[in-house]
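The values are calculated or read from the model by the stated rules, or taken from the named source; none is laboratory data. The shown structure was predicted, so the numbers you read here are calculated from the model rather than taken from an experiment. FYI the Cβ positions are ideal-geometry reconstructions off the backbone, even for glycines, and counts take in every protein chain you see.
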Amino acid sequence: MAKEMPTALERFLNGILPENPVYRQLLGLCPTLAVTSGVASAMTMAGATAFVLICSNVMTSLIRGFLKPHLRILIYTLTIATFVTIADRFLAAYMWSMSKQLGPYVPLIIVNCVIVCRCEVCSSKQPVFVAASDALGQSLGFGLALLSIASVREVLATGAWAGLRVLPDTWPNCGAMGLPPGAFITMGLLLGLVNWVSARRKTLKSSAGSAK
Amino acid sequence: MEYLGTIVMIAVSTALINNFVLHYFVGICPFIGVSRRVDMAFGMGCAVTFVMTVAAALSWAFTFFLLQPGAPVTAWVWHAINPGAAETVDLSVLNYIVYIFVIASSVQLVEMYVRKFFPKLYRSFGVFLPLITTNCAILFACLEIMKHISGVTEGVHAWGLDKALIFALFGGLGFTLAIVIMAGIREELDYCDVPVSLKGPGITLIIAGILALAFMGFAGVDAGLRKGLSPKPEAVSQVVKETAWPRG
């Protein structure tokens, strides 16, 4: 049984592209769409999510021997809620304006499917080290996905990337990209792009394999 | 009639203008996952609406009586324990944990009820019913209600139970509306020639974007409604019709 489980390194690498939480598993879409109007807020959100994900993954891995099967989801949620409260208080104390800007989406990390999913899939079955590296990989993948969407949206909407001007001043700002419709459309097109690239790579690889 | 105006404003603005799915991006997972067939989507929307209303009522009560700074029950217990204490207790740090508990238990309640009285509906829901627990829309409704109770400085503008219930009910109806429209479009989409890499979630997100664009058209309705409701409330329907396209 233990042999079939992926190792720590596999778990870490899996999170970045093959099982990317946003593009492949389509989990945690609510914060992904909501906070990506700017790179700065997206990165803060990714950081908070990473903190909660790593802490709760380690925690569930530590207590996995004591969990009763029918109570486990409740225990996961309470663990996550505790760490989210910590993260929320921290943001309110040290980054007040950012905390204001993120609004209800920091507490909404509690119901982010990525975290419950990782607790269920990995950390409730594997030891602490594997669980931690899995959480690290997943949060890296989540952060990269958020960064990609936020970059496209912020550059198109304001002509700036993380506050730095990158496009010429004559750029007509597409305000809609910063608004809800832009979020949905950018996300949909990027999802299509990722699918297209990976399908292409697969066909290239298989054709190279058959030529050999 | 001032009261009726406020209620109508809250209802219209939660259901249409600031639609939970298309404006605040909460409840996206069921919006993408369950919107394949109209009947499933409608059932899901009804379940979410019901759970949201129950959870909102419970969380309003918890917030108002226990959790907000200077809440009556907490203050009473605190003064009973150490009489003569000048300061009050603020339990608002426990908000999130309490809300999650409330939501999880409301979902359990609904699950038991549906299993007992509508076994067919229960089987068609499958795994989606317990998943309502992790539906962000419900927690979001609780958090908004919390903000309108303990976030306001003077007690004058704080929401009572009535406004919280209207907010949750119409938020749920707005969710149902969005997910049913989406399911209707996706049923037609089965006959369309969609690029392979956009199939499934990709095209759904793009359509949701266009839908959000359409819903942005409601943005001016609230100004017209407010204007129509406050001076002459008896002419409501007529004024709504006239001001549906503001600053045309």
Seminar exercise, completed: Checked B:164, B:168, B:223 against criteria (among the aliphatic types (A, V, I, L, M) and closer than 30 Å to residue A:188 by Cβ); the one match is B:168
Exercise. Taking the stated definitions as given, is residue A:52 under 13 Å from the mean Cα position of the chain (by Cα) and within 14 Å of chain B (Cβ to nearest Cβ)?
Worked result: yes
For this session: May I ask you to verify whether residue A:208 is hydrophobic (A, V, I, L, M, F, W, C) and closer than 29 Å to residue B:130 by Cβ?
Result: no
Exercise. Just to be sure, is residue A:40 farther than 19 Å from residue A:131 by Cβ, more than 14 Å from chain B (Cβ to nearest Cβ) and either surrounded by fewer than 17 Cβ atoms within 10 Å (Cβ to Cβ) or not hydroxyl-bearing (Ser, Thr, Tyr) (or both)?
Worked result: yes
For this session: Please find, among A:135, A:131, A:81, the residue that is assigned to a helix (DSSP H, G or I), closer than 20 Å to residue A:29 by Cβ and of a type in the set (A, V, I, L, M, F, W, C).
Result: A:135
Seminar exercise, completed: When restricted to A:44, A:36, A:60, the only residue within 20 Å of residue A:148 (Cβ to Cβ) and not in a loop (DSSP other than H, G, I, E, B) is A:44
Seminar exercise, completed: Only unsatisfied item for residue A:199, checking (1) facing chain B (nearest Cβ under 9 Å); (2) closer than 25 Å to residue A:43 by Cα; (3) among the hydrophobic types (A, V, I, L, M, F, W, C), is (2)
For this session: Out of the residues in segment A:160-179 that are assigned to a helix (DSSP H, G or I) and free of Cβ contacts under 8 Å to residues at least 24 places away in the same chain, state the one that is nearest to residue A:28 (Cα to Cα).
Result: A:176
For this session: Report yes if some residue within segment A:162-182 is in contact with a Phe, Trp or Tyr (Cβ under 9 Å, 6 or more places away or on another chain), among the small types (Gly, Ala, Ser) and surrounded by 18 or more Cβ atoms within 10 Å (Cβ to Cβ); otherwise report no.
Result: no
Problem set entry | Filter pass, residue A:84 being of a type outside the set (Phe, Trp, Tyr), within 11 Å of chain B (Cβ to nearest Cβ) and under 11 Å from the mean Cα position of the chain (by Cα) | no
Exercise. Could you say whether any residue in segment B:152-160 is modelled with pLDDT under 80 and touching a helix residue (DSSP H, G or I) at 6+ places or on another chain (Cβ under 7 Å)?
Worked result: yes
Seminar exercise, completed: Picking from B:116, B:120, B:199, the residue that is among the basic types (Lys, Arg), within 11 Å of chain A (Cβ to nearest Cβ) and exposed (fewer than 15 other Cβ atoms within 10 Å of the Cβ) would be B:199
Problem set entry | Failed criterion for residue B:192 (all others in (1) touching a residue at least 40 places away in the same chain (Cβ under 8 Å); (2) under 30 Å from residue A:23 (Cα atoms); (3) away from chain A (no Cβ under 14 Å) hold) | (1)
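For segment B:66-123, what are the residues that are of a type in the set (Phe, Trp, Tyr) and in contact with a Ser or Thr (Cβ under 8 Å, 6 or more places away or on another chain)?
The answer is B:78, B:96, B:99.
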Problem set entry | Tally of residues being touching a residue at least 24 places away in the same chain (Cβ under 8 Å) and within 7 Å of chain B (Cβ to nearest Cβ) across segment A:87-110 | 2
For this session: State all residues of segment A:169-190 that are more than 12 Å from chain B (Cβ to nearest Cβ), more than 21 Å from the chain's Cα centre (by Cα) and closer than 11 Å to residue A:153 by Cβ; if no residue qualifies, say none.
Result: A:174
Exercise. What tally of residues in segment A:157-212 results from selecting those that are within 18 Å of residue A:146 (Cβ to Cβ), modelled with pLDDT under 85 and either hydroxyl-bearing (Ser, Thr, Tyr) or in contact with a strand residue (DSSP E or B) (Cβ under 6 Å, 6 or more places away or on another chain) (or both)?
Worked result: 1
Problem set entry | Meets criteria (surrounded by fewer than 23 Cβ atoms within 10 Å (Cβ to Cβ), within 22 Å of the chain's Cα centre (by Cα) and either modelled with pLDDT of 90 or more or more than 8 Å from chain A (Cβ to nearest Cβ) (or both)) for residue B:184 | yes
Seminar exercise, completed: By residue number, the members of segment B:98-120 that are over 19 Å from the mean Cα position of the chain (by Cα) and of a type in the set (Val, Ile, Thr) are B:114
Exercise. Quick check: is even one residue across segment A:44-58 crowded, with 20+ Cβ neighbours inside 10 Å and either in contact with a Gly (Cβ under 8 Å, 6 or more places away or on another chain) or at positive phi (or both)?
Worked result: yes
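Taking helices (runs of 4 or more DSSP H) that fall entirely within segment B:21-125, which contain at least 3 residues that are touching a helix residue (DSSP H, G or I) at 6+ places or on another chain (Cβ under 9 Å), β-branched (Val, Ile, Thr) and farther than 29 Å from residue B:216 by Cα?
B:95-117
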For this session: Go through B:138, B:206 for me and flag whichever is over 14 Å from the mean Cα position of the chain (by Cα), surrounded by 14 or more Cβ atoms within 10 Å (Cβ to Cβ) and within 14 Å of chain A (Cβ to nearest Cβ).
Result: B:206
Seminar exercise, completed: In the set A:111, A:121, the lone residue that is surrounded by fewer than 18 Cβ atoms within 10 Å (Cβ to Cβ) and among the β-branched types (Val, Ile, Thr) is A:121
For this session: For residue A:64, indicate whether it is surrounded by fewer than 19 Cβ atoms within 10 Å (Cβ to Cβ), over 16 Å from the mean Cα position of the chain (by Cα), of a type outside the set (S, T, N, Q) and away from chain B (no Cβ under 12 Å).
Result: yes
